[in-house]
Amino acid sequence: MPSFSSAEYAAILLSLKVASTATLVSLPFGFGAAYLMTYCRFRGKIALDVAVNLPLTLPPVVIGYLLLILLGQKGFIGRHLLEPLGIRLIFTWKAAVIATAVVGFPLLVRSIRIGMETIDPMIIKASRTLGAGWLDAMFSVIIPLSLRGVLAGSALMFARALGEFGATIIVAGNIPGVTQTIPLAIYDYASSPDGDAMAMLLCLVSVVISVLVLLFHEYLSRRMIRVD
Amino acid sequence: MELRIVLQKRFGSFDLDMDVAISHFRTGVFGPSGSGKSTLVSMIAGLERPDNGLIQLNGETLFDGSLDMPPDKRRIGIIFQHPHLFPHLSTQGNLLYGLNRCPADLRRVDFDTLVEVLQIGHLLKRGVNHLSGGEKQRVAIGRAVLSNPRLLLMDEPLSALDDTLRFQIIGYLKSVCETFSIPFIFISHSLLEMRLMADQVLNVAGGRIIGSSSAEELARQRLGSSQVGYINLLELGRSCEAGTLYAYPWGAARLLLSAGSDRDNSIAELSSKDIILFKQHPEAISARNLLQCTVRSLFSSGRKIGVELECSGNTLISEVVQDAVTELGIAPGGTVYAAVKASAFRMLPG
């Protein structure tokens, strides 16, 4: 029975770190996008909808490559924004976070949006006539009533983030101890002659974490149905 | 209370155009569904934006095309057809929602008094999902009133309730608004509700205000066109058994009804169609009530003639056709006998 070395532990911890950071960073943006698409009428709504959902259908490698072009030293954001500030993203764990966030974003927005759409719009109107401004109504009515959607979306995005491979390997590389997450480590072991056992073991870890997260998600969705 | 409204709103083929000043404490807006009543309410409350117009409440401009005060600043409460309570808050949390958002110097409604008037003290700690339909609507009333509105809009607040609850809630609505002297606009397609709730009624159809009258006048105007005729509302005292029937005091008169009641005061409905007029005292009739009346006035409505009768200090409206008026020689000041069957009365629940 093979056992983990520090590199494997590092990969597991890094996976959890990247996935949770990506989820947390995306939450306010995901909430904002879902809010806009549920409650606001504006021009270009369809464009926003398509843009948010695009990563769901694009190959992650494409996303990774586009991010590399955008954020790299010659890229638009890389050259004009990051370089003057002295920030280097490419081939760091932060790049993995960004790649993961973009890929998982649609799942988050979808869940929050479903949560918001189950709220009776008249309840929000009632809160407004009772003296709540729109921001107040958001915090006192919309957030509490869409909380399960937010949590379910976060769980889904977290699970997706743990498995992110294609976009991450392009923008963050596969550097053991620095940017090597569980899927990247499995990829390494699978392509080395005697790495089968270790690959299997990491797969097992991956399955266990995913199952736990999905159980949590399922539990939330069931409660959501029961309440409504 | 002075509410000035000039509103234009067009959506699809519907076109709303209203211009009215409302100053009555208890105003009704009456009209069929789709006539623009709810749109009017939404625009007054600031939930919907008019295309054009002016809304002024007590001299303060709420909307004038360039200015559009948000609903939370207008201090106009709404009671909707359904309670729309906050499902994540307790009954108390719902009640306090508006109160907590009302500036301290504008608070006039006392929480404990309101809870007592609405009889919801035992519900305070409960989650709103465990309340019955009538309880929910009472909490919704309390929530709106506790936000200390300058004006309360009631948008068909009774139409989702069954008959028994309807009249209970009418009682609560009236007593709350009287206790805390909150002027209201009551919207409904029910003429009966109008007569119980409103003094002055705006008659609305097809997005226009087609008339303004007292609820009583409106009911008389509609005598001829209504299928049920004019409904007399008789305030009766406590009943006592009289053989197989029940005797009720009605002013100075006494009526025999087939239904009993254990309340001190009740209201009975009697359609103008169920009153038969005789020129002379009939010898013997099967109808158990025979009232000597004086004709006060006649009015025509459609093809019918309404006869306003005075009966021991009470008023009664009967309907006849023109031929009957001529044949019986019914004229103001004359005497007639009104016969009513004991089973023609319908007690209002509540």
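Tabulated results
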| item | result |
| --- | --- |
| Label-point gap, in nm, between B:R126 and B:I210 - each point 7 angstrom along Cα→Cβ | 4.3 nm |
| Cβ-based charge dipole, the protein assembly as shown, positive-most Cα from A:T129, A:L68, B:F111 | A:L68 |
| Cα centre as origin, Lys/Arg/Asp/Glu Cβ charges: the range B:83-165 dipole, Debye | 340 debye |
| Residues in the range A:100-122 reached by a label modelled at A:V62 [backbone nitrogen below 13 Å; 7 Å Cα→Cβ] | none |
| Shape parameters for the range B:231-347, alpha-carbon atoms, Rg then Dmax in Å | 14.2, 43 |
| Cross-link partners of A:K17 among lysines (Cα-Cα below 25 Å; sequence separation of 8 or more within a chain) | A:K94 |
| Alpha carbon convex hull of the protein assembly as shown, projected area averaged over orientations, nm² | 38.2 nm² |
| The range B:20-46-the range B:130-208 distance, computed between alpha-carbon centres (Å) | 13 Å |
| For chain A: rounded, prolate or oblate by the Cα gyration tensor [a/c cutoff 1.5] | oblate |
| Three principal axis lengths of the range B:1-102 [C-alpha, angstrom, descending] | 41, 31, 27 |
| Mean separation of Cα contacts under 8 Å (6+ apart) over length of chain B, as relative contact order % | 16 percent |
| Neighbour count of at most 15 Cβ within 10 Å plus DSSP loop: longest trypsin sites (Lys or Arg not before Pro)-free window in chain A | A:89-228 |
| Selection from B:I141, B:F184, B:A215 lying farthest towards where the dipole of the range B:3-221 points positive, charges on Cβ | B:I141 |
| Semi-axes of the equivalent ellipsoid for the range B:218-296, Cα gyration tensor, largest first, Å | 23, 18, 12 |
| Sorted by Cβ density within 10 Å, fewest first, the residues B:I79, B:I267, A:I46, A:I123 | A:I46, B:I267, A:I123, B:I79 |
| Cα Rg, Dmax, the range B:299-345, angstrom units | 11.3, 29 |
| Antiparallel bridge percentage (DSSP; both residues within the protein assembly as shown; nearest 5) | 80 percent |
| Backbone N within the range B:126-164 under 20 Å of label point (7 Å from B:N100 Cα along the Cβ vector) | B:126-130, B:139-149 |
| Calculated diffusion of the range B:35-159, Stokes-Einstein form, Kirkwood radius summed over Cα pairs, 10 °C and 1.306 mPa s, µm²/s | 103 µm²/s |
| Positive minus negative residues near B:L151 (Lys, Arg vs Asp, Glu; Cβ under 14 Å) | +4 |
| Rounded FRET efficiency, nearest 0.05, which uses the C-beta distance separating A:S20 from A:E117 and R0 of 22 Å | 0.25 |
| Tensor-based shape of chain B (alpha-carbon gyration tensor, a/c under 1.5 rounded, otherwise prolate or oblate) | oblate |
| Entries in B:K273/B:K341; A:K125/B:K9; B:K73/B:K136 that, when Cα-Cα distance is taken, lie over 23 Å | B:K73/B:K136 |
| The protein assembly as shown, dipole about Cα centre (Lys/Arg Cβ +1, Asp/Glu Cβ -1), debye to the nearest 20 | 660 debye |
| Cβ charges +1 (Lys, Arg) and -1 (Asp, Glu), total dipole of the range A:83-228, debye | 580 debye |
| Local net charge near B:S343, Cβ-Cβ under 15 Å (Lys/Arg +1, Asp/Glu -1) | +2 |
| Inter-site label distance for B:D112 and B:L290 at 7 Å from Cα along Cβ, in nm | 5.9 nm |
| Mean ellipticity per residue at 222 nm, deg cm²/dmol - from DSSP H runs of n ≥ 4 across chain A, formula -39500 (n - 2.57) | -24000 deg cm²/dmol |
| Translational diffusion coefficient (Stokes-Einstein; Kirkwood radius from C-alpha pairs) of the range A:107-180 at 37 °C, 0.692 mPa s, in µm²/s | 225 µm²/s |
| Protection proxy ranking, peptides A:52-62, B:25-35, average beta carbon neighbours within 10 Å, highest first | B:25-35, A:52-62 |
| Spherically averaged projected area in nm², based on the convex hull that wraps the Cα atoms of the range B:104-156 | 4.4 nm² |
| Sites excluded, chymotrypsin sites (Phe, Trp or Tyr not before Pro) in DSSP loops with at most 16 other C-beta within 10 Å, longest stretch of chain A | A:43-228 |
| Fraction of beta bridges assigned by DSSP in the range B:3-221 that are antiparallel (%, nearest 5) | 60 percent |
| For B:70-79, mean number of other protein chain Cβ atoms within 10 Å | 5 |
| Cβ-based charge dipole, the range B:269-321, positive-most Cα from B:S286, B:N314, B:I276 | B:I276 |
| MRE, 222 nm, helices only [DSSP H, n ≥ 4, -39500 (n - 2.57), over chain B, to nearest 500] | -7000 deg cm²/dmol |
| For chain B, Cys with no neighbouring Cys Cβ under 4.7 Å | B:C102, B:C177, B:C240 |
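Taken together, the values in this text are just the output of simple stated rules run on the coordinates, not laboratory data. Keep in mind the model is a prediction, meaning the values are calculated, not measured. Here the Cβ is made from the backbone with ideal geometry for all residues, glycine too, and neighbour counts use every protein chain on show.
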